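The values are calculated or read from the model by the stated rules, or taken from the named source; none is laboratory data. No experiment lies behind these values; they were computed from the predicted model shown. Every residue, glycine as well, gets a Cβ built from its backbone with ideal geometry; the counts of neighbours run over all protein chains shown.
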């Protein structure tokens with residue numbers, strides 16, 4: 001009887017030990033799965049994680065949605081901080097930091113092969129509105145974002161999207177950011193800089209305390225001119241393409257005309273809908289009514305760009 005009890009006790013001990021070992025085998029260390037978890041576990045992204053935590057965005061990137069996150073490295077954050085005179089991430093105002101971080105997030109999963117040259121909306125927003133800021137993606141040579149940030153490591157898969165590591169923080173864009181980043185506007189940029197040295201258009205249109213609506217002619221629009229005007233006239237022509245305020249296409253009068261005074265002084269009249277393939281038509285100060293808006297709502301932090309297929313000419317005789 002005693003022998004039977006001893007065997008029973010030993011059997012129970014062996015069973016308990018086997019259960020403990022079995023439990024250990026069934027409970028391995030959890031592999032990082034979400035974007036936030038992978039960022040936390042990835043060396044070189046510590047500054048990003050600190051910033052996400054400070055801005056209260058860790059839970060967003062742990063959620064079940066699908067996101068594309070362009071993740072700046074520690075070195076990228078260090079450059080951003082020093083350039084903007086911040087000693088550390090904790091010195092960046094939370095509202096500013098939040099918008100900068102959201103400017104790195106797109107609300108859909110896009111692998112590097114799915115990224116094409118053009119504009120995408122980020123989760124950052126314009127002023128106190130629900131208008132999402134744009135991002136210009138250029139895939140001509142690798143992947144470059146807003147002309148300033150390059151993807152260095154692509155396609156880190158997560159259960160809720162994908163991470164692409166980038167070499168620079170993508171700041172809040174101005175209308176100048178998109179003009180310089182988009183190769184369709186190289187002639188416009190030349191006109192705003194080299195050809196008009198006596199007017200600092202870059203500083204004017206980079207002012208974040210103002211809001212601008214820019215009707216931006218493409219390279220082809222400038223090529224259609226018989227010649228580029230001399231500086232004094234060109235300055236007035238360029239000012240004729242800018243209107244005060246942030247006027248997205250949804251604010252235009254449907255089935256009618258919207259009259260907006262340009263910074264040059266003459267009105268621009270926008271007629272919606274446009275003719276042919278034009279989204280809308282623009283009548284300039286000289287009465288030309290066949291200027292087409294061919295793309296709309298490139299949203300920057302200080303205004304919006306609508307792309308036009310002809311150069312608007314003001315009436316300089318009035």
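Numbers below:
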| read-out | value |
| --- | --- |
| Close pairs from segment 287-302: first at positive phi, partner part of a loop (DSSP other than H, G, I, E, B), Cβ under 6 Å, at least 6 apart | 297/248 |
| Filter result for the condition that a residue is over 26 Å from residue 295 (Cβ atoms) and in contact with a strand residue (DSSP E or B) (Cβ under 8 Å, 6 or more places away or on another chain), over 162, 137, 100 | 162 |
| Residue within segment 202-218 that is closer than 28 Å to residue 132 by Cβ and more than 22 Å from the chain's Cα centre (by Cα) present | no |
| Single condition residue 131 does not satisfy, out of (1) under 16 Å from residue 70 (Cβ atoms); (2) touching a strand residue (DSSP E or B) at 6+ places or on another chain (Cβ under 9 Å); (3) outside the structural domain of residue 297 (by TED's automatic domain parsing) | (1) |
| Those residues of segment 221-265 which are modelled with pLDDT under 95, part of a loop (DSSP other than H, G, I, E, B) and over 20 Å from residue 303 (Cβ atoms), in sequence order | 254, 255 |
| Checklist (1) without any contact (Cβ under 8 Å) to a residue 60 or more places away in the chain; (2) under 26 Å from residue 112 (Cα atoms); (3) buried (at least 22 other Cβ atoms within 10 Å of the Cβ) applied to residue 191, failing item | (2) |
| Among the residues listed as 214, 307, 311, the single one being in a strand (DSSP E or B) and touching a helix residue (DSSP H, G or I) at 6+ places or on another chain (Cβ under 7 Å) | 214 |
| Qualifying positions in segment 155-164 - more than 23 Å from residue 132 (Cβ to Cβ) and either assigned to a strand (DSSP E or B) or outside the structural domain of residue 78 (by TED's automatic domain parsing) (or both) | 155, 156, 157 |
| Given (1) over 26 Å from residue 132 (Cβ atoms); (2) modelled with pLDDT under 95; (3) in the same structural domain as residue 241 (by TED's automatic domain parsing), index of the condition residue 317 fails | (3) |
| Condition check for residue 285: over 16 Å from residue 222 (Cβ atoms), in contact with a helix residue (DSSP H, G or I) (Cβ under 7 Å, 6 or more places away or on another chain) and buried (at least 18 other Cβ atoms within 10 Å of the Cβ) | no |
| Subset of segment 122-135 [free of Cβ contacts under 8 Å to residues at least 60 places away in the same chain and in a loop (DSSP other than H, G, I, E, B)] | 128, 129, 130 |
| Qualifying residue in segment 290-297 (condition: part of a loop (DSSP other than H, G, I, E, B) and farther than 30 Å from residue 130 by Cα) | yes |
| Test for residue 140: is it surrounded by fewer than 19 Cβ atoms within 10 Å (Cβ to Cβ), at pLDDT 95 or above and outside any helix (DSSP H, G or I) | yes |
| Residue among 202, 214, 169, 175 that alone is closer than 22 Å to residue 316 by Cα and in contact (Cβ under 8 Å) with a residue 24 or more places away in the chain | 214 |
| Single residue of segment 218-227 satisfying the filter (out of contact with any helix residue (DSSP H, G or I) (no Cβ under 6 Å at 6 or more places or on another chain) and touching a residue at least 40 places away in the same chain (Cβ under 8 Å)) that is nearest to residue 268 (Cα to Cα) | 221 |
